Structures are given as structure tokens and as C-alpha cells.
1. From 114, 121, 74, which residue is closer than 30 Å to residue 284 by Cβ and open to solvent by 20 Å² or more (accessible area, probe 1.4 Å)?
2. Just one of 281, 257 is among the aliphatic types (A, V, I, L, M) and under 28 Å from residue 365 (Cα atoms); which is it?
3. When the residues of region 229-249 are filtered to those that are in a helix (DSSP H, G or I) and open to solvent by less than 50 Å² (accessible area, probe 1.4 Å), which remaining residue is nearest to residue 117 (Cα to Cα)?
4. Mind checking which helices (runs of 4 or more DSSP H) fall wholly inside region 80-177 and carry at least 1 residues that are over 22 Å from residue 309 (Cβ atoms) and out of contact with any His (no Cβ under 7 Å at 6 or more places or on another chain)?
5. When the residues of region 391-425 are filtered to those that are among the hydrophobic types (A, V, I, L, M, F, W, C) and more than 16 Å from residue 436 (Cβ to Cβ), which remaining residue is surrounded by the fewest Cβ atoms within 10 Å (Cβ to Cβ)?
6. How about region 366-390: which of its residues are open to solvent by less than 30 Å² (accessible area, probe 1.4 Å) and within 13 Å of residue 426 (Cβ to Cβ)?
7. For region 426-435, what are the residues that are touching a helix residue (DSSP H, G or I) at 6+ places or on another chain (Cβ under 8 Å) and either outside any loop (DSSP other than H, G, I, E, B) or surrounded by 24 or more Cβ atoms within 10 Å (Cβ to Cβ) (or both)?
8. Is one or more of the residues making up region 349-358 open to solvent by less than 40 Å² (accessible area, probe 1.4 Å), more than 17 Å from residue 68 (Cα to Cα) and among the small types (Gly, Ala, Ser)?
Amino acid sequence: AVQQKKLFILDYHDLLLPFVNKVNELKGTVLYGSRTLFYLTPNGTLRPLAIELTRPPVDDKPQWKQVYCPTWYATGAWLWRIAKAHVLAHDSGYHQLVSHWLRTHCCTEPYIIASNRQLSAMHPIYRLLFPHFRYTMEINGTAREALINANGVIESSFSPGKYSMELSSVAYDLEWRFDREALPEDLISRGLAEEDPNAPYGLRLTIEDYPFASDGLVLWDILKQWVTNYVNHYYPQANLIECDEELQAWWLEIKNVGHGDKKDEPWWPELNTPNDLIGIVTTIIWVTSGHHAAVNFGQYSYAGYFPNRPTIARSKMPTEDPTDEEWEDFLNKPEEALLKCFPSQLQATKVIAVLDVLSNHSPDEEYIGTNIEPFWKDEPVINAAFEVFSGKLKELEGIIDARNADCNLKNRNGAGVMPYELLKPFSEPGITGKGVPYSISI
């Protein structure tokens, strides 16, 4: 299965294990290191095979580790449900603290600060990036006051508790790389794609029906074409990049100041040619538009029903060093054990209210490719390139609709299956589960 690329893992073992004992000292939350295995079936869907939960040695107790599998045996079936609740809480925490906060909101700040410090308001790259940076510093300030603050919604309702920001920082240190913020490199690094010059966009997906990847690569290519036309207009010769002092100072500040603790890493792209600039700018624009839309605007749709996406596990597994009384209680009332593991009513209500706000498009939302910036319109070549960009985004709407209507794509079509629309560029106001704004504005 490994050799045939049919075995996949959701791996929160190494990242979470150092936090387990100190999180478990907190009241009302339980954490494990977890690994979940999935098998890629012939119809292109992932089938869960096993969940491994691990608690490291604590006090005089040795390491505890157990594997749970799907089964028809009643006791095993209830243990599988509770194990899934734990893994989903890990996944919810990682989603919010790493995929969402860290990789979009947080790591975009150095780009914004460097752009305002090093690029004049008339610089073509400043003008290209300007709509992608609107409102982000303001919304991040609000998040620091009400969401990721001490005793805020995240700390009170997600598994890591008061260690949430520390976990985000550790994940940044261990996992974040600028080059892998680009969608193609992100997919390759996670084993979900391979380079293939004969495949669309030069990538062959390991899971062909992977909606985020298949829709995302179309959007990535549209963004890259727009950036390519823009950059090539203002930098027709390669040496103009190296001679642009503002641009070089901008990139140096992003690396050496904004991400100073990673400034010596070998994976930072060089900035010597137009192609270098196209890759860097496309990555930044993808993070602020497509990536953020994909991890943000579907939150209420997927997690508004909290048992589908619990954010915290409040009790340990019934098989972890149980007393005779605890085991008897589990056997007599297994449904009660599951409810005690889920978030409390207060926690679930708080999270649902927040997800309602985060997943909402305002009536004046600014979607990519909709309204042209005045300084783009004033330049005929850029105006024409924008019209092509806007037209391709409208075409993407139809591509996604056709994919969602294809009954052969089991991950986006079928009984009870939500159509995948998170990367449809345009949307109405409200909670729609679609729409890609220019910037991180909520």
C-alpha cells in the first residue's frame, strides 16, 4: 500500500506529544499524540484504518499507547467513536492555530510591514500587492484582543488550552517554510502530488479527486498568469530586478527581519530575475486569497454541527488506566462517555458563534478579479491583463460547478456530500461556503 501510494497518515504525534503532560494538568481538557491511518480505496475516497493515541510517561506511570480500529463489536465501536473525537479535536486545533492563524493571518504581517516600509506607494509591486493587504492588520489586532488572547475563545474552547499560542509558535519553528507556502510545493512536500511535465500544471495528484488541490491548482495558475503579465510589463529585462533597490530592500526585510529566526535557511528563493519575483509574489497572493479562503469560509459549514468537528476533548479514553468503576460506567453508558468527551454546551455555543462570524462575507466584500484598482486601469497593458484574469476566474466558477456535478467524483458528489465550493471566486453576502476575497479581512 505504501509503495502504491495508497496509505496516508494524519500525523499529530511529534508536534503534540511534548505538550501532552502539561495540557493534561489543565482542568477540562485531555491531549494525546495521535496518528491516524487512511487507505485510498479504488473509488478515490479515503477509508480510516486505525487511530493510535499516545501519552508519554508521567509521574510514576509508563508510556501509554493504544490503537483503535473500526469494528462492529459494540465496545470497540464506542471506543472508535471516542478516539475519533480526540483526533478531530487535534485536527480542529491544528486547523485553527496553524493552517489558519499561522499560515495566513500571522505570516502575512511581515509582508505588509516590509511593503509599507520599503516600497513607495507608486512602486508597481506595492500597487500589485496593495489590495491583498487591505484590512489584515486590523483584523489581526481584533483577533489578538478577542480570539487568541489569554483566556479567549481559542484558549477556553480548544484542546491545547493556554498553550495554544505556544503550539502555534512551535509549529512555525518546525514546519513553516516560505517556499512551501506555494500550493504546488505544499502538495509535493506532503506527498499529495508529484512533478509530472505531462500532467496539467506540471503536477500529478496522488489522490486524483482531491477538491482543494484540483480546484486550487487552477486558481494558482490563474493567479500566476496574472502576476506574470504584470511583472513582465514592468520588468522587461532581467537585470531590472537586481537594480531595483526598493524591491531588494523589501525582500531582505521580509527574510532578515520579518522572519529573522529563519533568515539563514537555504530554502528562501533568490530575487534576481522576473521569474523569481513572479514566484514570490504569486505565493504571497495565494496565501492571502486562495489559501485563506479555503481554510476560513467553510468553517461554519463543516464545524457548525460541533460533533462533526469537536474543538476539545474533555475526558481521557476509557481504556487509559481505568478503575473498575470507570470501566463499568463506560460499559453501562457509553453514549455518556462520548458526550463527556465532546465540548461543553458553553464551549460549543461559543465556537459556533465565532465560526458564524468568521465564515460570513460582508455585503461589500472585495473578491479577486471583480473590481480593478485605479492604478491598474490607468495602464492599458495591465488593464488588458486584468480583463483576462477576471475572465479566467469566471471560467473557474463553471469548472468547479461541473466537477461538483460529476457523480464519479465521490469526494464532492453523492448522498449527504457537500459540494466543494470554497475556491469559487465569487459569492453573495453571508455564509455561503464559497468566495475568494483579495485579502485576509475576517
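1. One residue alone meets the criteria, 121.
2. Residue meeting the stated conditions: 281.
3. 249
4. In region 80-177, the matching helices (runs of 4 or more DSSP H) lie at 107-118, 124-129, 136-146, 164-175.
5. Out of the qualifying residues, it is 415.
6. 367, 368, 369, 390 - these are the residues of region 366-390 that are open to solvent by less than 30 Å² (accessible area, probe 1.4 Å) and within 13 Å of residue 426 (Cβ to Cβ).
7. 431
8. No: region 349-358 contains no residue that is open to solvent by less than 40 Å² (accessible area, probe 1.4 Å), more than 17 Å from residue 68 (Cα to Cα) and among the small types (Gly, Ala, Ser).
The values are calculated or read from the model by the stated rules, or taken from the named source; none is laboratory data. In this text the structure is predicted, and so the values were computed from the model without any measurement. Cβ atoms come from the backbone with ideal geometry, glycine included; neighbour counts cover every protein chain shown. Accessible surface is based on the protein model in full, side chains and every heavy atom, while ligands, DNA and RNA are left aside. Shrake-Rupley method; radii C 1.70, N 1.55, O 1.52, S 1.80 Å.
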